[in-house]
Amino acid sequence: MAKLNFGGVEEEVVTREEFPLEKAREVLGSETIAVIGYGVQGPGQSLNMRDNGFNVIVGQRQGGKSWDKAVADGWVPGETLFEIEEALEKGTIICYLLSDAAQIELWPTVQKYLTAGKSLYFSHGFGITYKDQTGIVPPADVDVFLVAPKGSGTSLRRLFVEGKGLNSSFAVFQDATGNARTKCIAMGIGVGSGYLFETDFYREVTSDLTGERGTLMGAIQGIFAAQYEVLRSNGHSPSEAFNETVEELTQSLMPLVAENGMDWMYANCSTTAQRGALDWWKPFRDATKPVFEQLYNSVKSGEQAKISITRNSQSDYRVKLEEELAELRESEMWKAGATVRSLRPENS
Ligand SMILES: NC(=O)c1ccc[n+]([C@@H]2O[C@H](COP(=O)([O-])OP(=O)(O)OC[C@H]3O[C@@H](n4cnc5c(N)ncnc54)[C@H](O)[C@@H]3O)[C@@H](O)[C@H]2O)c1
Ligand SMILES: CC(C)(O)[C@@H](O)C(=O)O
Ligand SMILES: [Mg+2]
Ligand SMILES: [Mg+2]
């Protein structure tokens, strides 16, 4: 572990320099890594591990879109692509990458194949933390750990192909073999992480559910919608409102934040903009902080898990989600966005 200073707080983290890919290959050399589920994380993690030289197979229900995608990605039926039960039987590290709701349904099947000495791998602390709601309680003689990439599986793959990496958290829930931690870190390196920071299953799930409902996905759409609506109701055109709310942020300013931090982005804007932003960020923080507190409490109490399980276990959950996504897509703001994207020089 490398000890680094994060804003005045010392943290021990794992870097790719101290735990190189060769070491990860050594640690996992005799393992058969079975990636169960080929949705979003499944493809990213399995392809990265395959390209990194690990022995990987995929388990997926035959006949659907995910199976066809796996075949298109080069997984070979009967050789590296199997029905879920066959992959569970062959795998020594079971990567449980079904949706969190589907993990509940398949758990009785997975359990049958978790023989002594195998490893159970997650990318979320959900199933284990909310065991009262999920029923996921692994047998005592298997290693249980997680690596949670901090981003979409789509980005995990894209960044890997570009020679970059997404940071991930890692956590060991159960160490039956005495080797769980090393295997966990090796998996983190294998899936293409940038650096790895340690957590536990509870903190992983509470931070992750907060982040995606908050600034990463929920809050950002909320704040976009609020500003767009105010601009439109004051007579600004869709072009003006969308560019001033979204396009400038994603195309110009966020890349600057990503590169060198918020103050540097500010410093690359006018002094007029800096004055205003420095005056207004605190009122925005103060206005939204109670909502973030409410959100965190709802996560902590298990309420958010309950909603997610109940809603995503319904037989028509995909149709319902798609209807709500369509509502976003069909809103004036995002329809305006589609036109704006089509006008980017690289798209015309
Ligand atoms: N989506 C992400 O980028 C992301 C990022 C970090 C962590 N995670 C975590 O990784 C795990 C996998 O998430 P995901 O978003 O890749 O999952 P997903 O929703 O894309 O689903 C994965 C697979 O589950 C299969 N599936 C769904 N219901 C099933 C059932 N009843 N029986 C068998 N198979 C079924 C689907 O065919 C699909 O291939 C979750 O724990 C999630 O929280 C996801
Ligand atoms: C990609 C996210 C939002 O970070 C992940 O947590 C998820 O659930 O998909
Ligand atoms: Mg999540
Ligand atoms: Mg996340």
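The values are calculated or read from the model by the stated rules, or taken from the named source; none is laboratory data. Since we're looking at a predicted model, the values are computed, not measured. Note that each Cβ is placed from the backbone with ideal geometry, even for glycine, and that neighbours are counted across all protein chains shown.
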Open item on the list: When you scan region 306-318, do you find a residue that is closer than 24 Å to Ala226 by Cα and outside the structural domain of Ser99 (by the TED database), even just one?
Closed with: no
Open item on the list: Is it the case, given these coordinates, that Ser123 is more than 10 Å from ligand 1 (Cβ to nearest atom), in contact (Cβ under 8 Å) with a residue 40 or more places away in the chain and buried (at least 18 other Cβ atoms within 10 Å of the Cβ)?
Closed with: no
Open item on the list: For the list (1) in a helix (DSSP H, G or I); (2) loosely packed, with under 11 Cβ neighbours inside 10 Å, I need the number of the one condition that Ser315 fails.
Closed with: (1)
- [ ] Taking Leu278 as the residue in question, decide whether it is without any contact (Cβ under 8 Å) to a residue 60 or more places away in the chain and within 16 Å of ligand 3 (Cβ to nearest atom).
- [x] no
- [ ] Kindly indicate whether Ser207 is within 16 Å of ligand 3 (Cβ to nearest atom) and touching a Lys or Arg at 6+ places or on another chain (Cβ under 9 Å).
- [x] no
Task: Lone unmet requirement of (1) within 13 Å of ligand 2 (Cβ to nearest atom); (2) touching a helix residue (DSSP H, G or I) at 6+ places or on another chain (Cβ under 7 Å); (3) of a type in the set (Val, Ile, Thr) for Val246 - done: (1)
Task: Condition check for Phe122: assigned by the TED database to the domain that holds Glu31 and either at positive phi or more than 16 Å from ligand 3 (Cβ to nearest atom) (or both) - done: no
Task: Residue that is within 12 Å of ligand 1 (Cβ to nearest atom), assigned by the TED database to the domain that holds Ser123 and either part of a loop (DSSP other than H, G, I, E, B) or surrounded by fewer than 22 Cβ atoms within 10 Å (Cβ to Cβ) (or both), where the choices are Thr177, Thr182, Thr154 - done: Thr154
Open item on the list: I need the strands (runs of 3 or more DSSP E) fully contained in region 1-64, keeping only those with at least 1 residues that are surrounded by 15 or more Cβ atoms within 10 Å (Cβ to Cβ).
Closed with: 9-14, 33-36, 56-59
Task: Hits in region 206-221 - residues which are over 11 Å from the mean Cα position of the chain (by Cα) and within 15 Å of ligand 1 (Cβ to nearest atom) - done: Thr206, Ser207, Thr210, Arg213, Met217
Task: Listing of helices (runs of 4 or more DSSP H) fully contained in region 233-272 that carry 1 or more residues being hydrophobic (A, V, I, L, M, F, W, C) and more than 17 Å from Ser342 (Cα to Cα) - done: 254-260, 262-267
TODO: Return a yes/no flag: does region 130-142 have any residue that is of a type in the set (Phe, Trp, Tyr), touching a Gly at 6+ places or on another chain (Cβ under 8 Å), within 16 Å of ligand 3 (Cβ to nearest atom) and in the same structural domain as Ala176 (by the TED database).
DONE: yes
